[in-house]
1. Once you list every other residue whose beta carbon is under 13 Å from the beta carbon of Gly352, what net charge do they have if Lys and Arg are +1 and Asp and Glu are -1?
2. Using amide H atoms built in the peptide plane, which far-off residues or other-chain residues are under 5 Å from Ala384 H to H?
3. Would you grab the residues whose amide H sits under 5 Å from the one on Gly2? Only those 5+ places off in sequence or on another chain, please, with H modelled 1.01 Å from N.
4. Once you have a ≥ b ≥ c as the square roots of the Cα gyration tensor eigenvalues for the stretch 211-253, tell me rounded if a/c is under 1.5, and otherwise prolate or oblate according to whether a/b is larger than b/c.
5. In the stretch 1-59, which chymotrypsin sites (Phe, Trp or Tyr not before Pro) are in a loop and have at most 13 other Cβ atoms within 10 Å, using DSSP for the loop call?
6. Tally Lys/Arg at +1 and Asp/Glu at -1 over every other residue whose Cβ is under 13 Å from the Cβ of Gly127; what's the total?
7. What whole number of Å gives the distance from the Cα centroid of the stretch 8-31 to the Cα centroid of the stretch 239-299?
8. Of all DSSP beta bridges in the stretch 106-187, what percent run antiparallel (nearest 5)?
Amino acid sequence: MGVRNPFRIAVDRASGALYWGDVGPDAPAVDPLRGPAGHDEVNVAFSPGNFGWPYLIADNKPYRDYDFATGLSGPAFDPNSLINNSPNNTGLTNLPPARGALLWYPYGASTDFPAITAGNRRAALAGAVYTHSPAVASGIALPAYFDRTLFFLEWSRSAIYEVKVDAAGGVLQVAPFLPGFGVKRPIDAAFGPDGAMYLLEWGSSGQGTNTDSQLSRFEYSRGNRSPVARAAASVTSGPVPLVVQFTSAGSLDPDPGDTISFAWDFDSNGTSDATEPHPTHSYGAPGIYTAQLRVSDSRGRSATASITLWAGNTAPSVTFLWPPHGGFFDAGDEVAWSLRVDDAEDGSTATGGIAPTDVQVEYRRRAGLEDSSFGQSQGVSGTAITPDDRSPGRMPRWRSWPTMWIAERRASVPPREWVKCACSPDGDRRRTTRAHPASPPRRRATPRGAGATWRGSITATPFPSRRSTC
């Protein structure tokens, strides 16, 4: 009891300890009349207990007994004498003494745990506890140094921390884990039977519209390290024959003296089709293909990278005609927009080849590291009413842009596909897809270039996308 927003548990099976993250309230600072600033927590329990909320937070920092009817503040709550006198209470009146959190941190820098970097958001999740086994001979298991270490995840700050605890559950050490690896909003973690860490990364955006979401494996390599595979293609969609110039540029081996070799499988049949670093291949039949590059070093380690291609189907292009690039808006404004969609096989919205009813526009806004939807529309023109949720004296600090879904029909691919085109701020290209039940795989196209900017930027120029199957 006494938890606020628990998310993601982790269990130390050796000790039976249960860990969890608990996301705290959005209070940026101490309020003398109400209580402490908001904190996120990581908690541990060896037995049932009361963890304080809503009377206390962090290391049992007390709130005051505030009367919402009168607006008067009473005394601070006593962690050893908590009374639940709510008229809606159907349980205990006299609550067990509260237990403080294992660790806690505010929005800004943490004076209690300075290894936790400051940020403008908080989202603590318990990730996983590592148990080292000398019997695991995978060659990629984490070393014994990490035995019984809790790895907690900071989703909003894109960080992982290693936490070492003593036998009583007290913190011995908190340290960043691989801070230079650039993880993207870690949301879950587990250790496999091979002793490697498997990390689920949400992606760069706070919403579920990321194309850089991924499942990553962290291996510990003693001695010879694996090479790095990078694969790219000159085109990823187009009419047949689709002639593609592949490149392995950026592939490397981190160990001095090691040499690397290349093996390309253009059609995913398990057979090597080329061994040059930058081969060319022609796809003569319409379809969806996955080309894989395997990079091997001279001491037996290898890594792979893959590219998805569409032969016989060119990704559509989307161009914003209005608002003009560099325009501005204020919160609450009505912003008119218009766009054009062109497709090599289907024509365009201008000529009637693509129906305006097949274009769906979504309006999004960004606040700090998070972005969210604030409306949708259908067609090739319309008006976006930007929300105004500013508190008094606070200027808007978010940027907004539209995203589009375009329905297409093809003879050489499943009869109906949904194409999502995203206009993104600051010229970055957003490739995103969204699952729809009982629908075929999606193909995506992202506009950039001649676009529009509202207090930020919205860009719109097409490029072929990579397929994501749901």
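Rule-based calculations on the coordinates, nothing more; no lab input. Small disclaimer: the values here were computed from a predicted structure and weren't measured. A quick note on method: Cβ atoms are made from the backbone with ideal geometry, for glycine too, and the neighbour counts reach across all protein chains shown.
1. Combined, the nearby Lys, Arg, Asp and Glu give -3.
2. Val335, Ala336, Trp337
3. HN-HN under 5 Å from Gly2: Phe51.
4. In terms of gyration-tensor shape, oblate.
5. Answer by residue number: Phe46.
6. With Lys, Arg at +1 and Asp, Glu at -1, the neighbours total -3.
7. 45
8. Values: 16 of 16 bridges.
Percentage antiparallel, nearest 5: 100.
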